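The values are calculated or read from the model by the stated rules, or taken from the named source; none is laboratory data. Everything numeric in this text was worked out from a predicted model, so none of it was measured. Here the Cβ positions follow ideal geometry from the backbone for every residue, glycine too, while neighbour counts run over all protein chains shown.
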Amino acid sequence: MEGLSDITGSQLPDRSQTVYDQFESIARRYHDQPAIVQLSKVRGHEPSPQRASLRQWTYKELLRAVSSLVTYLEGHGVRSGSILFVFCHNWAEYIIATLAAYAAGCIHVPINPDQLSSKDDVQYMIDTVVKQFNPASIGIVAQDRSVRPNLDRLSWPAPTVEVTFLDDQVPWLSLQQMPGLRSKGEDAGKGEARSVLFTSGTASRPKGCPLRMTAYIHVLINSLGIGKLKPGDKLLSTAPSYHAFGLLCTILPLVQGACVVFAGDTFDPLLTMDTIEHQECTHLCLVPTMLHSLEQVRSTFDLSSLRALLFAGMVLSPDVLRRCVELFGNTTLENLYGMSEGVVVSTGPVSDINRITNGHDVAIGRPGTGARIHICDPGQRSPLPVGLPGQLHYAGSSLIGHYLGASDDDFYDDADGLRWFNTGDQAFVGTDGLLYLIGRYKELIIRGGENLSPARIEGVLAEVPELRSLNAQIVAGGEPIAGEVPVAVVAVAPSAKQVSLIQSTVRSVLGVTHVPTAVVSLHDLGIDDFPRTAAGKIQKSKLGALYRLFDERQAQIGVGIYDRPVDVSEAVTRVWARTLGTKISEIDVEAPLSNFADSILQLTTRHQIEKATGRCVALTDWLQATRIKEQISLLASSEVSLHTNGDSEVHDKDHQSPNLDSMVYAVAMPRAFERTKQAVENVLSKDGLCWEDVAEVFPCRDAVQVACKSRLIDSASIRSCMLCNGATAKSARLALVTALAKHPIFLSYLVVDDTHLGAQLGLYVVLHQTSKLLDQCIHSGLVVDSPEELTKITTEHPFRMPAVLPGPNFGALIVSVRETQSAAIITNIAHTVVDKTNHGIFNRDLDSALSGNSLDSHLSFKTWADTQYKQRTSPKATEAVDFYVHYLQALKAHHHALWPIYTPEINIPSHRLHKAGETVVFAAPSIARLRQQQPHLTAPILVKAALILLILSRTNHTHALFVGMEAARSEYAFPDHSAPAPPSDAVDVAGPTFNWSFNLVAFRPDETVLEFLTRVYREQLEQTKHVNVPWHRVFEGLGLSADEILTKVTNACVFNWMPGLGPDMLGANPYTNLKPLIFHVRPKVGLVLNAGQAGSDGSQLLLMAEGAIGNGPAVWGVRVLEEMKRIVLWVSEERNLGRLVGDFVEGLGWDLAT
């Protein structure tokens, strides 16, 4: 065959009936014929196949069940245009729900019930379909009640009707007893049947494929062997019904009078073989990966009833076809290439497998009826000559026109208006006129510019019986010279013989360039099974990422000093043997290198030889060597390189730098070590530091990361001055260094780098506490006459030791005070590394160190931070995300309702230089009285409620919007209870555990004061419960930018309830050797309202206004605090609890009559 890679399928006949019309017609004609047979495992134990429960439906029973469900759904408002979500495995009820959707004119959306554990993806699917079709109602069909908790976690944007088919052993047909059932309407089934299937989403969010089922089934029935089924035929479907392959295997038989057979709700090889025998199945649909399991249980089953096999789901090899013939005997084989996008290509049934094999390739056949394919160069749309590989493009009536919820870049119209789809798969048209699939372009391994197909290598290995149990998967491994090289990942640890066989087989069939450079097992990667999609396909992208992470770890392990002799000849020969896939004894060191290695292979092997021998030869000399023997001579005469990674000095064990295993975020980040090191060194180098100065690297909270990106945190550093009783400057410095050793987070940097770390990751970079670093962060030698002068030094702006991003996050001055003959310690600590709790812990340690006491260790901040990062997708974290996504649904409409507006720059009048805000203390006995009547209405709730009303009075908006500061120490950040003895709380964590709570409170003026206060209390209860929420996930769920909205709201108003603030501000001193003099924060936030209780009985309230309001004229802050005071007292008066909350302006002195 000559010409271009342009193939057109046979002509497509006209169609007249919808899918449901076809089914109904068949059901009435063959009403007593079997329609569905379902065998399932008994729950709780593994029965023998003969004891598997059996359920059967005739076409008459199936039609009645479908009609009953349609009537029930329509009676509850689910009708044409509604969406029917179906969460079922391979159950008869799935078929009933699917046909009912088509009959009622609903949009049918099948979703894997197991995927409900990935709440974000399922919610995305729901939102995507609802946004597209805007239904008046939604139906939800679940296979049993076990999925109810997960369904309840989802947000359903329209009225919903839920049907649970199975409750333990109660059959579906019991729904016939539903009250008020009536006959199906006359217009049922007359509309277009529509199903939305979601692709696996291996690299991104799932993509919705809106299939027009009548057109799709019409193409399939005229293209596939199973399009010629007849009554009495039984098709056993092993593919998941929510997958395109599974959907067609359930619908096609039912529009032809054949029977669908399910052997278990998921694939079970033993039950499958038993079912074929005892149900006398005539057709079997399966994915090639299932073949090995079926071979293992072949035993003595009688499979003579089978007439045809249909394969789909992955690239076939000739060996798989041969094994099928051995296993199933005289059956026809058909290879289907199908996609959820409506692509249909098939070989049709063949009796002679040689007709569809070409060397190591198996054909996928010709395009479906009425369809057309092109093979094009990447980025092009013109067909290539026959025989050249390229991208497969498809056009046909079954094809969808676009994706839901994803880019349509893969779809295009040609000059004639024909809609095309670029599948992204690599294929070629053979001279026999058949189409051959090579694999995914995205999975190609690009070795020195040459494209290698993983599927081709896997196909060669699959033909070797000794290797089948390994289920080898080929992924790309990184290589400094070649860029990428093949690597084999196998299911179980291979023997040395199997490794050698893998390499020699590939070398002999495909050549040395295709030989895997490494063979690793799933155990090596730290996993039990290959990562798979919901449909069971192996996710090569994730598998490749896991291998690259493993490779980075191994590279780090290999770095070090060569302190033992290495047999250079043996090492070089071993590397070449491994590379060539042969035995060491078979390596001819005298043979010319050009006989078996190209230039790229010589360079990559040089790199491996350097690592194996610890010796390095100049590249120019290396390339002049024409034989392995000459390479050995060059290496033997070279000197041993002390460090394989070029390090110039060796650090002792106390000053090791972080490795990949210590980076909890590394699994989600390709080349994590390299990217982390680059980002960190870009920051540290400006201060004369390097990677060797780093002790720990770990992720910060989302809230901290966002605040750092906006530089908001720079103005929130905490300055304090403590007078050390009787201590000299030297002893004060010694005590400070001692305390810092227990708080390593203080001597750190915080790195945000979108280029190297991504847009959502921020890293704490903790440094080794060397003398050099301590001298850089602690300055001594300053002398003043009196303590009064310390105020000016502490509060002056800008501060001489600024703790601003990216760091250092700590600075200290040791000042000698002549009047007291003692030293003072002035610290400036970035808010990124300190909150009120750990600031107090640090000061207590400092106080104890001044007494010469040894200090206790605290809970590791790194361990806490790593835990909250690892658990950010846990069920409890997801529950927190769900709460806030629901709570903040109105945020998009109200994110501008802010007061006050922050100042981009801090502008301070001269009279405010040493005062960063205003404070008011007042008696509030009404709070104690109210607490006796309403125990839940505590002082923090009343102050927060007053702030809400104050904001509303200033914005005149329908909602109050502000951020709250939460200490987040009552629990240990989504604790991993599977870990040994997790801490019960985070009280003693030596670092800042704070997080933000986001408050969007609607104003309901007709609500009573008590109702309003109770609502504030309940919302705060939920916010405290979900205090460790990962904010980036929340804003992804809201479809908003965390960087924009979170920053904007935090810049406006922050509420901070601070237990112990009252005693601190009123002069209480909890220390023995320290006397607190000054605590100073000057944020540029519009308003920071700090609050706490004071007095022996807690009847006093202390309010402090800081931020832009505190930086301006005193009257600004005084007025805010006076209004806060009035509102607090008004809402806490018992006589006002029954009044409308809108009357609060009376407490401000406003005249309600005007």
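Looking at the stretch 314-356, which of its residues are in contact (Cβ under 8 Å) with a residue 12 or more places away in the chain and in a helix (DSSP H, G or I)?
Listed by number, the residues that qualify are P318, D319, V320, L321, R322, R323, C324, V325, L327, F328, I353, I356.
State which residue pairs qualify: first residue over 19 Å from E586 (Cβ atoms) and inside the stretch 483-509, second residue acidic (D, E) and outside any loop (DSSP other than H, G, I, E, B) in any location, beta carbons under 7 Å apart, and separation of 6 or more residues or different chains.
V485/E479
Go through the stretch 387-443 and give me each residue that's under 13 Å from R372 (Cβ atoms) and surrounded by fewer than 18 Cβ atoms within 10 Å (Cβ to Cβ).
Within the stretch 387-443, D414, D416, L418, R419 qualify.
Hey, any hits in the stretch 370-389 for a residue that's outside any loop (DSSP other than H, G, I, E, B), touching a residue at least 60 places away in the same chain (Cβ under 8 Å) and among the β-branched types (V, I, T)?
yes
Picking from A100, A92, which residue would you name as being surrounded by 24 or more Cβ atoms within 10 Å (Cβ to Cβ), free of Cβ contacts under 8 Å to residues at least 40 places away in the same chain and assigned by TED's automatic domain parsing to the domain that holds P240?
Every option except A100 fails the conditions.
Could you list, in sequence order, all residues of the stretch 775-824 that are closer than 15 Å to Y749 by Cβ, at pLDDT 90 or above and in a helix (DSSP H, G or I)?
C777
If you check E696, E681, E630, E590, which single one turns out to be at pLDDT 80 or above, of a type in the set (D, E) and assigned to a strand (DSSP E or B)?
Criteria check complete, one pass: E696.
(1) modelled with pLDDT under 85; (2) buried (at least 19 other Cβ atoms within 10 Å of the Cβ): which one isn't true of P1070, the others all being true?
Looking at each condition in turn, P1070 falls short on (2).
Report yes if some residue within the stretch 742-754 is of a type in the set (V, I, T), farther than 28 Å from A707 by Cα and without any contact (Cβ under 8 Å) to a residue 60 or more places away in the chain; otherwise report no. Full working, then the answer.
Just the residues of the stretch 742-754 that are of a type in the set (V, I, T), to begin with: 745, 751-752.
Keeping just the survivors that are farther than 28 Å from A707 by Cα gives none.
The answer is no; no qualifying residue exists.
What residue, of F1055, F1035, F1012, is aromatic (F, W, Y), free of Cβ contacts under 8 Å to residues at least 40 places away in the same chain and assigned by TED's automatic domain parsing to the domain that holds L898?
F1035
If I745 passes every condition in (1) under 43 Å from the mean Cα position of the chain (by Cα); (2) part of a strand (DSSP E or B) but one, which one does it miss?
(2) is the only condition that I745 fails.
Residues are listed down the side, and each one gets a yes or a no for (1) assigned to a strand (DSSP E or B); (2) in contact with a helix residue (DSSP H, G or I) (Cβ under 8 Å, 6 or more places away or on another chain); (3) at positive phi:
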position	(1), (2), (3)
H393	yes, no, no
S397	no, yes, no
G401	no, no, no
Y412	yes, no, no
D416	no, no, no
W420	yes, no, no
T423	yes, no, no
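What's the number of the only condition in (1) over 25 Å from D714 (Cα atoms); (2) in contact with a Pro (Cβ under 8 Å, 6 or more places away or on another chain); (3) not assigned by TED's automatic domain parsing to the domain that holds V1085 that V881 fails to meet?
Tallying (1) over 25 Å from D714 (Cα atoms); (2) in contact with a Pro (Cβ under 8 Å, 6 or more places away or on another chain); (3) not assigned by TED's automatic domain parsing to the domain that holds V1085, V881 fails exactly one: (3).
Is the stretch 1137-1148 home to any residue that is buried (at least 21 other Cβ atoms within 10 Å of the Cβ), among the charged types (D, E, K, R) and not in a helix (DSSP H, G or I)?
Taking the stretch 1137-1148 first, the residues buried (at least 21 other Cβ atoms within 10 Å of the Cβ) are 1141, 1144.
Subsequent filtering for residues that are among the charged types (D, E, K, R) retains none.
No, because not a single residue in the stretch 1137-1148 is buried (at least 21 other Cβ atoms within 10 Å of the Cβ), among the charged types (D, E, K, R) and not in a helix (DSSP H, G or I).
Exactly one condition in (1) surrounded by fewer than 16 Cβ atoms within 10 Å (Cβ to Cβ); (2) modelled with pLDDT under 80; (3) outside any helix (DSSP H, G or I) is false for D621; which is it?
All conditions pass for D621, except number (3).
Quick grid of which residues meet (1) at pLDDT below 85; (2) polar (S, T, N, Q):
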position	(1), (2)
Q868	no, yes
K892	no, no
H896	no, no
I908	yes, no
F922	no, no
P940	no, no
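What residue, among those in the stretch 425-446 that are assigned to a strand (DSSP E or B) and under 21 Å from P206 (Cα atoms), is nearest to the chain's Cα centre (by Cα)?
By that ranking, first place goes to R440.
Within the stretch 942-982, how many residues turn out to be on the phi < 0 side of the Ramachandran plot, at pLDDT 85 or above and not basic (K, R)?
Going through the stretch 942-982 one residue at a time, the tally reaches 23.
Anything in the stretch 323-359 that is modelled with pLDDT of 90 or more, surrounded by fewer than 22 Cβ atoms within 10 Å (Cβ to Cβ) and among the charged types (D, E, K, R)? List them, or say none.
D352, R355
Being crowded, with 22+ Cβ neighbours inside 10 Å, modelled with pLDDT of 90 or more, in contact with a strand residue (DSSP E or B) (Cβ under 9 Å, 6 or more places away or on another chain) and in the same structural domain as F198 (by TED's automatic domain parsing): is that true of L316 here?
The answer is no for L316.
Would you confirm whether any residue within the stretch 290-307 is within 21 Å of R366 (Cα to Cα), crowded, with 16+ Cβ neighbours inside 10 Å and either over 35 Å from the mean Cα position of the chain (by Cα) or not assigned by TED's automatic domain parsing to the domain that holds D352 (or both)?
Checking the stretch 290-307: not a single residue is within 21 Å of R366 (Cα to Cα), crowded, with 16+ Cβ neighbours inside 10 Å and either over 35 Å from the mean Cα position of the chain (by Cα) or not assigned by TED's automatic domain parsing to the domain that holds D352 (or both).
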